[in-house]
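First comes the structure, then the notes that go with it.
The values are calculated or read from the model by the stated rules, or taken from the named source; none is laboratory data. This structure is a prediction, so every number in the text was calculated from the model and none was measured. Don't worry about glycine lacking a Cβ; one is built from the backbone with ideal geometry, like all the others, and counts go over all protein chains shown.
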Amino acid sequence: MRLKDKIALVTGAGGDIGSATAKRFAEEGATVILSDIKADGCEKVLQEIVGKGGKKGSIILADVTKEEDIVNMFNRIKQDYGRLDILAAIAGGDFENNVAFEDITSEKMSYNIDVNLKSTILCCREAAKIMMEQQYGKIINMSSLTYRGSSMQFTYAASKGGIFAFTRSAAMALGMYNITVNALAPALIEVGIIKNTLGPEMWEALRDDCASRYPMGRVGQPIDAANLVLFLASDEASFITGQVIELSGGARL
């Protein structure tokens, strides 16, 4: 097992990518701490993990746009487990999608930056405090292929570009503590929040359009992201740090 006896935190664990990541971690022997803003999704994931013979971890509810919630979450992890080996900072989303450039709002811009970039920085900061003491850690952040720029997702792209830069900067600072810091930059992934927001017809049109332009001929699935996070969290990736890996099926080559 690649993560035998490791303690791992997954933020956004109630979502499709977060839940798939938590399950893969558990399958590889980790004790998984599930965090999200709501309990329902995390409870379902925890039941599935235990039902399949995985170690029973715990659920910590947190709003990652609030620094106090983040600090309290990591304090509880330090108190309950004494260490943290892996952080998968999956929580995030786009709350100003398909908006004309002249219609960018301060409110939604701020929320996109808070939920994506600020939350990632603060989670990494708090995780590093624990990992630096133990001289070991794996941090995996969630960027997006939109870090290259997007004509439909201006503030989301900016927040994910910030994660790109921050991940590389954190890797430079934390390598001396045997901590690796990497990120994923996915193209379109088939997740419920996008499908529900767009509705069946618009989702199918988007999916088919992207699939026709991606060399692999399909959009990504949550398990594709989860498998990459798992690899980066394992000791197989012990000499990989500061990388933002595009998970894109060849999009934008």
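Things worth noting here:
- All of 149, 175, 161 fail the test of being at positive phi and over 13 Å from the mean Cα position of the chain (by Cα), apart from 149.
- Considering the stretch 230-239, the residues that are in contact (Cβ under 8 Å) with a residue 60 or more places away in the chain and either of a type in the set (S, T, N, Q) or surrounded by fewer than 21 Cβ atoms within 10 Å (Cβ to Cβ) (or both) include one that is farthest from residue 137 (Cα to Cα), namely 236.
- Among the residues of the stretch 175-185, those identified as farther than 10 Å from residue 139 by Cα and buried (at least 21 other Cβ atoms within 10 Å of the Cβ) are 184, 185.
- Of all residues making up the stretch 63-106, the number that are surrounded by 17 or more Cβ atoms within 10 Å (Cβ to Cβ) and polar (S, T, N, Q): 2
- Taken over the stretch 113-150, the criterion of being in contact (Cβ under 8 Å) with a residue 12 or more places away in the chain and hydroxyl-bearing (Ser, Thr, Tyr) is satisfied by 119, 120, 136, 143, 144, 146, 147.
- Filter result for residue 165 (surrounded by 18 or more Cβ atoms within 10 Å (Cβ to Cβ) and among the aliphatic types (A, V, I, L, M)): no
- The combined condition, being at pLDDT 95 or above, more than 30 Å from residue 238 (Cβ to Cβ) and part of a helix (DSSP H, G or I), is not fulfilled by residue 80.
- Residue 91 meets the conditions (1) in a loop (DSSP other than H, G, I, E, B); (2) within 16 Å of residue 120 (Cα to Cα); (3) free of Cβ contacts under 8 Å to residues at least 60 places away in the same chain in every case but one. The failed one is (3).
- Boolean, residue 109 is part of a helix (DSSP H, G or I) and surrounded by fewer than 24 Cβ atoms within 10 Å (Cβ to Cβ): yes
- Restricted to the stretch 1-62, the set of strands (runs of 3 or more DSSP E) holding at least 3 residues that are in contact (Cβ under 8 Å) with a residue 40 or more places away in the chain and surrounded by fewer than 23 Cβ atoms within 10 Å (Cβ to Cβ) is empty.
- Qualifying positions in the stretch 218-236 - aliphatic (A, V, I, L, M), touching a helix residue (DSSP H, G or I) at 6+ places or on another chain (Cβ under 8 Å) and over 18 Å from residue 127 (Cβ atoms): 219, 223, 225, 226
- Checking 138, 129 one by one, the residue that is closer than 21 Å to residue 5 by Cα, assigned to a strand (DSSP E or B), basic (Lys, Arg) and modelled with pLDDT of 95 or more is 138 and no other.
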